Amino acid sequence: MKTKKIIALVIVIIVIAAGVGIWLINANNNNNLNSNANINNNKYEENNVASIEENAVNEDSTEDREISDNNIAIIYFSATGTTRKVAGYIKELTGGDLIEIEPKQKYTNDDLNYSNNNSRATKEQNDSSARPEIANTIDTDPYDVIYLGYPIWWGNAPKIILTFLDESNLSGKTVIPFCTSGSSAITTSVSYFKNNYKNVNWLDGRRLGSSESEVKDWVNSLNY
């Protein structure tokens, strides 16, 4: 009888020990699973943070490039200052670089005397080969879009504008003419440009007065 009791007690102890062992194994496995999950979560969060930071750096770099890369120039010739004033408005509106075409021999009032057939400007405009020299070097390479400004002389662009076009590589660039005049339109000069400088993307351009609001409306309509 005593032997049976001892055997039963041993069996109970074995069962309890086995149960405790299984519980300990499960608990250890759960801890390992939680630990691995935490490690993976931490790695995921670290990768996420790194990715976000990298994207932020890339976005900042892109923004810096967009701000620093100025591809617009306002290049103009102005003998009396009227076209210069309009060019200044365009610079303020576009943020482009303002570049003046400076004649090597400046024009005097006598040179611009419309009533004198022997005045310098009259002779130049009547001479198809005339190309007045430009004093300054104008580098157009950095620009994709160029606003080209000039007064209208005898119904057309001054010949110094043709000097600029002959000496510049504007192939593939977008050139937007604008002019100032008392009454003459811009169409004759733009037609000449399109017919003689065909590697340029010419826009039709506009004759502008001295009103800043008029210039603003025109520039905004171009989307450049």
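The values are calculated or read from the model by the stated rules, or taken from the named source; none is laboratory data. Because the structure is predicted, anything quoted here is derived from the model rather than measured. All Cβ positions, even for glycine, are placed from backbone atoms using ideal geometry, and neighbour counts span all protein chains on display.
Tell me, yes or no, whether the range 145-154 has at least one residue that is surrounded by fewer than 18 Cβ atoms within 10 Å (Cβ to Cβ), within 34 Å of the chain's Cα centre (by Cα) and not in a loop (DSSP other than H, G, I, E, B). No: zero hits. A single member of S189, S181, S210 is touching a residue at least 40 places away in the same chain (Cβ under 8 Å), among the small types (G, A, S) and in the same structural domain as G149 (by TED's automatic domain parsing), and it is S210. Please work out if D110 is surrounded by fewer than 16 Cβ atoms within 10 Å (Cβ to Cβ) and over 20 Å from G81 (Cα atoms). Against the criterion (surrounded by fewer than 16 Cβ atoms within 10 Å (Cβ to Cβ) and over 20 Å from G81 (Cα atoms)), D110 does not qualify. Within the range 118-129, residues that are in the same structural domain as K106 (by TED's automatic domain parsing) sit with their Cβ atoms under 8 Å from residues that are basic (K, R) and modelled with pLDDT of 95 or more, at 6+ positions apart or across chains, in these pairs: E124/K159; Q125/K159; D127/K159. Quick check on F178: is it within 27 Å of the chain's Cα centre (by Cα), surrounded by 14 or more Cβ atoms within 10 Å (Cβ to Cβ) and either assigned to a strand (DSSP E or B) or modelled with pLDDT under 95 (or both)? So F178 fits the description; yes. So is K216 under 25 Å from the mean Cα position of the chain (by Cα) and not acidic (D, E) or not? When the stated conditions are applied, K216 passes them.
So which of S210, S191, S168 is of a type in the set (S, T, N, Q) and surrounded by 14 or more Cβ atoms within 10 Å (Cβ to Cβ)?
On the way: S210 fails: surrounded by 14 or more Cβ atoms within 10 Å (Cβ to Cβ); S191 fails: surrounded by 14 or more Cβ atoms within 10 Å (Cβ to Cβ).
Going through S210, S191, S168 in turn, the sole match is S168.
With S181, S168, S191 as the choices, which residue is touching a Lys or Arg at 6+ places or on another chain (Cβ under 7 Å), among the hydroxyl-bearing types (S, T, Y) and under 25 Å from W218 (Cβ atoms)? Show your work before the answer.
Numbers: S168 fails: touching a Lys or Arg at 6+ places or on another chain (Cβ under 7 Å); S191 fails: touching a Lys or Arg at 6+ places or on another chain (Cβ under 7 Å).
Residue meeting the stated conditions: S181.
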